[in-house]
1. Does Tyr270 count as among the aromatic types (Phe, Trp, Tyr), more than 12 Å from the ligand (Cβ to nearest atom) and over 13 Å from the mean Cα position of the chain (by Cα)?
2. Write out, first by first residue and then by second, each pair whose Cβ atoms fall under 6 Å of each other, whose residues are 6+ apart or on separate chains, and whose first residue, in segment 308-327, is more than 19 Å from Glu431 (Cβ to Cβ) and among the aliphatic types (A, V, I, L, M) while the second is away from the ligand (no atom under 13 Å from the Cβ) and not in a helix (DSSP H, G or I).
3. If we keep just the residues of segment 149-163 that are more than 20 Å from Asp247 (Cα to Cα) and of a type in the set (Asp, Glu), which is surrounded by the most Cβ atoms within 10 Å (Cβ to Cβ)?
4. Answer with yes or no whether Leu353 is within 24 Å of Asn286 (Cα to Cα) and among the hydrophobic types (A, V, I, L, M, F, W, C).
5. Checking the structure you have, find out if any residue of segment 200-217 is in a strand (DSSP E or B) and either out of contact with any strand residue (DSSP E or B) (no Cβ under 7 Å at 6 or more places or on another chain) or farther than 25 Å from Arg289 by Cα (or both).
6. For the condition closer than 29 Å to Ala593 by Cβ, in contact with a Pro (Cβ under 8 Å, 6 or more places away or on another chain) and either within 16 Å of the ligand (Cβ to nearest atom) or of a type outside the set (A, V, I, L, M, F, W, C) (or both), what is the one hit in Gly402, Gly386, Gly392, Gly349?
7. When both residues are 6+ apart or on different chains and their Cβ atoms are under 9 Å apart, which pairs have a first residue that lies in segment 230-250 and is within 17 Å of Val182 (Cα to Cα), and a second that is within 12 Å of the ligand (Cβ to nearest atom) and aromatic (Phe, Trp, Tyr)?
8. Inside segment 17-67, can you point out the residues that are within 23 Å of the chain's Cα centre (by Cα) and of a type in the set (Lys, Arg)?
Amino acid sequence: MTHPIEYCIQPASPQAHLFNVELRVHDPDPAGQRLTLPAWIPGSYMIRDFSRQLQMMSATCAGDPVALHRLDKQTWRAEAVSAELVVSYQVYAWDLSVRSAHLDTTHGFFNGTSVFLRVVGQEHAACLVRIQPPPTTVGEAWRLATTLPALAVDSEGFGDHQADDYEHLIDCPVEMGRFTEVDFVAADVTHEMVISGRHVCDTGRLCRDLKLICETHAALFGELPVSRYLFLTTVVGEGYGGLEHRDSTSLLCRRDDLPLAGMDKPTEGYRQFLGLCSHEYFHLWNVKRIRPQRLKDADLSSEVHTELLWAFEGITSYYDELALARSRCIEPASYLQLLAETVTRVTRGAGRLKQSVAESSYDAWTKFYKQDENAPNAIVSYYTKGALIAFGLDVTLRLLTGDRVSLNTLMRALWLRYGKPDIGVPEDGVERLASELAGTSLDDFFQNYVHGVAELPLPQWFASMGIGFRLRPAKEPDDKGGRCPPEETVPSVPVLGARFRQSGDLVELTHVFDDGAAQSAGLSAGDRLIALDGIQVKATNLAQAVATTLANGSRRVHLLRRDELMSFVIHPKPAPADTCDLWLLPEDQLDDAVLKRRRSWLSAG
Ligand code: ZN
């Protein structure tokens, strides 16, 4: 039996944001033990080079120093030794995100990918993890929250924990501090909600809603394959993010997104927070257990490319909001508002006509995660367009099988074929299983919408579900779609074809859209607008000023590009019909089959 790898971590200097870590390798590689830190964290497809926060690394064996040689940016090799190797280092932790580590005098948080070196060749050995409390000077009563199984811990949760192997170790984020902790039971499993940061959350309301959402997802898959589940939430003034794990999730949300006592209908912020919880929880199956073969094999040292993120993030994005309606946390009309916003976001990007969602998945590392001013023109989101493709696949499966098969059937089949037996999903696995369940080839569907850039037939898809659909011009610059009754006509006023923000006294263009008035006139992202027809503009009145341009009229723009004053003539163009509204068609206008399909879609599926 191999000896466990021992890690000891202490929030040793909260004021300096430093964790101290000690690693003991009982049986180091006789050729010299290699140690390496991941370059990225599963679920977030970007090279982050966590090793840049390691410092003061040293090694000893039986009290004598052992030399460490660098092999690359994140890998060390210790001189060969014949007894236990002890490696010590510090990790600087000052990134308040769900992806790395953060430590100050109020709390500590870390992912294993930021703090635990991998012992090359012993990745499958069990790990013993000793998590120590902060120095007593930092204040009293810090507690610990993690899904790492406890071996011998004190009443606050500090002490010895274990992990099955390195993969398990880095899949269990750890929070320590003075947090709120509540729990609820869903599908016979205890779920804990830990909230760090100042808040006045109505935790009773939150637990009631989450229970319904969790049970909706568990019912879809037919089982809940965890013995406990932990939501680790960090509350901030401004911020948003989530990262999925097998039996927990790290979340970052706005204080105002949490429910207050006495709230009736969910606010938009609370609806978004429930959607985030729902999203990460759905990942417990879709991507953490049903996972692409290529990600299953990843050693986290460099990029791993898969064309399947549209399925793992897109289908998850589809179900995260749909589950809010199915669990009755929100009304169907409120759900359609969210779906209309998704359609609007996709429709507004010309990149959807240039990049397929399969390409977007493959290039997530260099494009989706590294978006610049040209992103809306060049790339498409595998989240938003992936969600619409998931909806289209749901509709298509129902229509082809007389409503016997839906996307739920496909997800359950993916779970049974790949997730439950822990078999990686091949690159064509989702498509082949969908065709198998449909009883006919869906190659055209996937070629057109997943591997190609054909416009999605949204009017037909929504009509088949008994949903009214329209695209119209935006009413105002912050019109996200989904909030205009179908009987209201929205005129198309002249627009600039650019996104902008106030920057000091000037208006800075952040994005210039393909074939819009700004691009045609020669304006570029980064330009700082001064005046329109000789009158100073502000972000608050620019859209209105452009809108009053007469048909075929022109406007003179003065702006600064870098430090040069420039002047352009712009011909504002009518606003495109890129804003979506969706609504429930009256029941008496629908076939029985369509009405039945809609009821099934909006309830259990
Ligand atoms: Zn996700």
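1. Values: among the aromatic types (Phe, Trp, Tyr): yes; more than 12 Å from the ligand (Cβ to nearest atom): yes; over 13 Å from the mean Cα position of the chain (by Cα): yes.
Answer is yes for this residue.
2. Matching pairs, first to second residue: Leu324/Ile330.
3. Glu156
4. So Leu353 does not fit the description; no.
5. The initial filter retains those residues of segment 200-217 that are in a strand (DSSP E or B), namely none.
The answer is no; no qualifying residue exists.
6. Values: Gly402 fails: in contact with a Pro (Cβ under 8 Å, 6 or more places away or on another chain); Gly386 fails: in contact with a Pro (Cβ under 8 Å, 6 or more places away or on another chain); Gly349 fails: closer than 29 Å to Ala593 by Cβ.
Answer to the check: Gly392.
7. Here the result reads Phe231/Tyr281; Thr249/Tyr281, each pair linking segment 230-250 to a residue that is within 12 Å of the ligand (Cβ to nearest atom) and aromatic (Phe, Trp, Tyr).
8. Residue satisfying the conditions is Arg48 alone.
Each value in this text was obtained by applying a stated rule to the coordinates, not by laboratory testing. As the structure is a computational prediction, the values presented were derived from the model and not from experiment. Heads up, the Cβs are rebuilt from the backbone with ideal geometry, glycines too, and the neighbour counts pull from every protein chain shown.
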